[in-house]
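Bear in mind that the values in this text are calculations on the coordinates, not laboratory data. It should be emphasised that the depicted structure is a prediction, and the values quoted were computed from it without experimental measurement. Note: ideal-geometry Cβ built from the backbone for every residue, glycine included; neighbour counts use all protein chains shown.
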Amino acid sequence: MTTRIEIDHRAKAPAARHPEKQKRPDNPISAKPSWIRVKAPTSPVYHETRELMREKKLVTVCEEAACPNIGECWSQRHATMMIMGEICTRACSFCNVTTGVPNLLDAGEPNRVADAVATLGLRHVVITSVDRDDLADGGAAHFAAVIAAIRNAAPATTIEILTPDFLRKPGAVEVVVAAKPDVFNHNLETVPRLYPTIRPGARYYQSLRLLDTVKRLDPSIFTKSGLMVGLGEARAEIGQVMDDLRIADVDFLTLGQYLQPTVKHAAVERFVPPEEFEDYAVMARAKGFLQVSATPLTRSSYHADADFAALRDARAKQLAA
């Protein structure tokens with residue numbers, strides 16, 4: 001069966017680095033506390049992973065989003081691959097990915113991603129993407145093609161996807177679910193009160209509806225979502241988001257500290273200390289999440305392979321009870 005890939009035939013236009021954000025007054029970047037600092041990457045395996053990504057002409061969110069864990073993850077041959085280009089159609093004020101008019105989809109990308117997964121010998125892979133509001137299906141068919149290619153090249157590898165919200169893309173989530181990823185992740189990012197400034201192109205309840213739809217279509221797929229803290233949210237608001245996610249039957253929650261990428265991005269309101277993350281983790285487990293990762297450096301795909309194994313074990317114990 002041939003997977004149809006939507007191609008954008010519009011004329012290319014130069015990308016801009018967050019045009020909306022450039023109108024914001026500069027925000028000085030706060031000095032990071034001791035519990036946030038990480039070592040610069042020096043491992044030979046880190047450089048081997050970097051060279052493989054260059055060779056396969058692949059984009060990673062590790063680099064594009066300036067993830068603080070890149071040294072640790074790449075040294076362990078863990079990388080989150082970002083498909084459908086490196087130009088996003090949205091301009092969220094927390095994100096370091098370039099905003100502009102994306103290029104055409106690359107029909108050879110699914111096979112290159114699959115080759116990289118097989119070469120690295122990954123047990124678990126995370127695939128994410130930029131927002132592609134320019135495509136009729138938001139890139140759903142391309143996600144499905146990548147999943148199919150990985151299944152063919154590395155059948156033992158479990159697959160986690162981190163998707164956009166597919167806002168106003170009817171039928172898109174059904175296409176991705178039919179490809180049967182092992183984990184379907186979509187991040188809420190922040191509390192609904194902050195969406196107008198932090199995630200202006202998104203809709204909180206659309207994101208919740210997406211996660212709920214995945215579970216209704218295929219209850220065997222694990223669902224996952226993540227939040228950033230330190231943007232001015234209140235503890236009670238985080239608790240309410242947890243409740244909303246549990247109503248949608250989301251299995252796995254990640255919470256991490258927001259870090260301001262540049263002076264053009266939203267400012268950090270507060271560095272949340274590790275003990276507060278521990279409190280959030282206790283709260284989340286009490287609400288019924290099967291798996292919780294809550295630390296200052298937690299990101300959606302941080303330790304994703306080990307977390308998936310723990311998630312699967314938790315589901316098995318739940319079914320056996």
* To do: Find the Rg to Rh ratio for region 205-250, where Rh is the Kirkwood radius over alpha-carbon pairs and Rg uses the same atoms.
  => 1.03
* Kirkwood Rh, angstrom, region 188-312 [1 / mean 1/r, Cα pairs] -> 14.9
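How many lysine pairs in region 186-321, separated by 8 or more positions in sequence or lying on different chains, have Cα atoms less than 29 Å apart?
Numbers: LYS215/LYS224; LYS215/LYS287; LYS215/LYS317; LYS224/LYS287; LYS224/LYS317; LYS287/LYS317.
Total qualifying Lys-Lys pairs in region 186-321 comes to 6.
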* Where does each of 103-115, 120-132, 187-199 land if you order them by average Cβ count within 10 Å, highest first? -> 120-132, 187-199, 103-115
* Asked: Hey, with R₀ at 41 Å, roughly what FRET efficiency would LYS287 and ASN103 work out to, going by the Cβ-Cβ distance, to 0.05?
  -> 0.45
